[in-house]
Amino acid sequence: MLIEVRACTVTFGQRMVLSDLSVSFASPGIFAVMGPSGSGKTTLLGVIAGAVRTSSGTVVTDGVPGGAGGWEWIVQSSPLLNRRTAFDNVVLGPAARGLSPGDAADRALTAIGDLGIEELAAQRVYKLSGGERQRVAVARALASRPGLILADEPTASLDPRSRTEVCDGLARAAEHGALVLVATHDPYVASRADVTYRLEGGKLMADG
């Protein structure tokens, strides 16, 4: 997958969030976008997903104008079905993409193994910690095997072990061929990326 953001500007009222921003991302790989709160990291992900309208500029996905489709979005405290088991939540990802129940279950079990959360599979989500819930959310994205994963502060408020395991899961998705775009404040998460950018003043610059 090749995503090209071409001279995109986004304004909210009188405030310019992205200013004539151009960048391209190609799969497979992990790209991190860092920057202070309110700098526009989430807005940039939304532009790429086609969920945020630009004032000018365009996004081109694999040569076709328009935001990317078929993505999975991981956020801080990703929403899960609290009364269902971790396995039930993970299997929803591939099932929603039309896989048969057997194939969806196989994908879910593989993703659960990749994240090392086999012991959580039969537990109901409301009993899980924040870090465990986030690992379930990442497993669901892995099981879906999307071409694009948009991760918005996926490790916020996690302990070091959970943070590492979430990053391991995102790395596994890239190994499967996905394009992973991560908006983060966390230097550790950025260190796990193939390329890191910094977004400030509406402009995006390669970091370091």
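The values are calculated or read from the model by the stated rules, or taken from the named source; none is laboratory data. Treat the numbers as computed from the prediction; the structure is a model and nothing was measured. Here the Cβ positions follow ideal geometry from the backbone for every residue, glycine too, while neighbour counts run over all protein chains shown. Only protein heavy atoms, including side chains, enter the accessible area calculation; ligands, DNA and RNA are left aside. Shrake-Rupley method; radii C 1.70, N 1.55, O 1.52, S 1.80 Å.
What the Kirkwood sum gives for the chain is a hydrodynamic radius of 17.3 Å, with every pair of different alpha carbons counted.
Could you look at the range 51-208 and say what percent of its accessible area is carbon and sulfur, using a 1.4 Å probe and all protein chains?
On the way: 3680 of 7360 Å².
Carbon plus sulfur share of accessible area: 50 percent.
For the set PHE87, PHE25, solvent exposure ranked by accessible area (probe 1.4 Å, protein chains only) runs largest to smallest as PHE87, PHE25. The simple spin-label model puts a point 7 Å past each Cα toward its Cβ; for HIS176 and GLU118 those points are separated by 1.8 nm. Here the Karplus relation 6.51 cos²θ - 1.76 cosθ + 1.60, evaluated at θ = phi - 60°, turns the backbone of the range 7-13 into coupling constants of 6, 8, 10, 10, 10, 10, x Hz, with x for every Gly and Pro. Residue separation of HIS185 and SER22 scaled by 0.36 nm, minus their Cα-Cα distance, works out to 56.6 nm of gained length.
Volume per residue, Å³, of the convex hull around the alpha-carbon atoms of the range 34-152? Mind dumping the intermediate values first?
Details: hull volume 15.1 nm³, N = 119.
Dividing the Cα hull volume of the range 34-152 by its residue count gives 127 Å³.
If you take every DSSP beta bridge fully contained in the chain, what fraction is antiparallel? Give it as a percent rounded to 5. The partial results should precede the final answer.
Details: 20 of 40 bridges.
Taking every DSSP beta bridge with both residues in the chain, the antiparallel ones total about 50 percent.
Taking 20 °C and 1.002 mPa s as conditions, the range 63-124 diffuses translationally at an estimated 165 µm²/s according to Stokes-Einstein applied to its Kirkwood radius (Cα pairs). Solvent-accessible area per residue in the range 67-173 equals 43 Å², computed with a 1.4 angstrom probe and all protein chains kept. Each residue of the range 62-78 was assigned a 3J(HN,Hα) from its phi angle through the Karplus curve 6.51 cos²θ - 1.76 cosθ + 1.60 (θ = phi - 60°); the sequence is 6, x, 10, x, x, x, 5, x, x, 8, 10, 10, 10, 10, 4, 6, 4 Hz, with glycine and proline shown as x.
What is the calculated FRET efficiency for GLN76 to ALA7, with r their C-beta to C-beta distance and R₀ = 35 Å, to the nearest 0.05? Computed FRET efficiency for GLN76 and ALA7 comes out at 0.70. Taking 0.36 nm per residue of separation and subtracting the current Cα-Cα distance, fully stretching the chain between ARG83 and ASP62 would add 3.6 nm.
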